[in-house]
1. Which of the residues that make up the range 88-107 are free of Cβ contacts under 8 Å to residues at least 60 places away in the same chain, of a type outside the set (S, T, N, Q) and open to solvent by less than 10 Å² (accessible area, probe 1.4 Å)?
2. How many of the residues making up the range 126-152 are not β-branched (Val, Ile, Thr) and not in a loop (DSSP other than H, G, I, E, B)?
3. Determine whether the range 169-179 contains at least one residue that is closer than 17 Å to residue 113 by Cβ and assigned to a loop (DSSP other than H, G, I, E, B).
4. What number of residues within the range 219-245 are touching a residue at least 24 places away in the same chain (Cβ under 8 Å), within 23 Å of residue 26 (Cβ to Cβ) and assigned to a helix (DSSP H, G or I)?
5. When you check residue 161 against the structure, is it buried (at least 20 other Cβ atoms within 10 Å of the Cβ), closer than 30 Å to residue 19 by Cα and either more than 13 Å from the chain's Cα centre (by Cα) or at pLDDT below 90 (or both), yes or no?
6. Would you point out which residue out of 155, 162 is outside any loop (DSSP other than H, G, I, E, B), touching a strand residue (DSSP E or B) at 6+ places or on another chain (Cβ under 7 Å), of a type outside the set (Lys, Arg) and touching a residue at least 24 places away in the same chain (Cβ under 8 Å)?
7. Go through (1) modelled with pLDDT under 90; (2) closer than 24 Å to residue 186 by Cβ; (3) open to solvent by 40 Å² or more (accessible area, probe 1.4 Å) one by one and return the number of the condition residue 111 breaks.
8. With respect to the numbered conditions (1) among the aromatic types (Phe, Trp, Tyr); (2) exposed (fewer than 14 other Cβ atoms within 10 Å of the Cβ); (3) touching a Lys or Arg at 6+ places or on another chain (Cβ under 8 Å), which one is the sole condition not fulfilled by residue 33?
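The values are calculated or read from the model by the stated rules, or taken from the named source; none is laboratory data. Quick caveat, the model's predicted, so the values are computed rather than measured. All Cβ positions, even for glycine, are placed from backbone atoms using ideal geometry, and neighbour counts span all protein chains on display. Accessible surface areas use protein heavy atoms only, side chains included; no ligands, DNA or RNA. Shrake-Rupley method; radii C 1.70, N 1.55, O 1.52, S 1.80 Å.
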Amino acid sequence: MTAAATLPAGRLLEARGLHTYYGDAHVLQDVDFSVGRGEIVALMGRNGMGKTTLLRSLLGLTRPRSGEIAFDGASIAALAPFRIARLGLAYVPEGRAIFPLLSVRENLTLAARAADAEGAVAWTHERVLAAFPSLAQRLEHRGSELSGGEQQMLTLGRALLTNPRLLFLDEATEGLAPLVARDIWRTLQGLRDAGMAMVIVDKNFAMLSRLADRCVVLVKGRKTFDGPAQALAAQPELRARYLGV
């Protein structure tokens, strides 16, 4: 990859010209993507359009073949995923990826990291358990013994305990019971109010359009829409064309 250029003012993350392949399959095709400081970006598209591949490319988990990626003005294109995470990027993956044989307490403990920013309100074990009270009641249960909703809470709590500056959530509420999904959206709203930058993938357009500042839509690995959430919400014909909703 080429060295990343200086970020425009206000941009926390910027990627330019990303091309990512799986073998000979050209998944991401010349994708530009950015997140401003404190901005919420809804990453949207039908299944198989490249959303997860974009998140993994930005995190170094699937290395783009070409393109530039910068975080807080510095290139991260060649960094190992653990070094990218230490800069303040956290990932809540689709499928949750908890450690099933570790307890809730152990899953949370292994991720904890002190906040870097001076004056930041740190995410601690106590704060996570206050946000997700059901986890507090199951601290000694193994991850495999939790319901799907509790596992999602655990995955999100684990990500928050790294005290990130930018949070990626892939299918934030997929498969969750309505009451659990409501709690997740409430937590995300609180994170937004606290100024945390986020990229959220989810199929609930109504909730995303209320929470997000901007929507980015991928179609077959290409960016086809990038604009205010209200603009996409106001154009049902575009939603039908890009999202099938």
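1. Hit for the range 88-107 is 104, nothing else.
2. Qualifying residue count, the range 126-152: 18.
3. Applying the first criterion (closer than 17 Å to residue 113 by Cβ) to the range 169-179 yields none.
No, the range 169-179 contains no residue that is closer than 17 Å to residue 113 by Cβ and assigned to a loop (DSSP other than H, G, I, E, B).
4. 1
5. On the way: buried (at least 20 other Cβ atoms within 10 Å of the Cβ): yes; closer than 30 Å to residue 19 by Cα: no; either more than 13 Å from the chain's Cα centre (by Cα) or at pLDDT below 90 (or both): yes.
Judged against the criteria, residue 161 is not a match.
6. Numbers: 162 fails: outside any loop (DSSP other than H, G, I, E, B).
Answer to the selection: 155.
7. The failed condition is (3).
8. (2)
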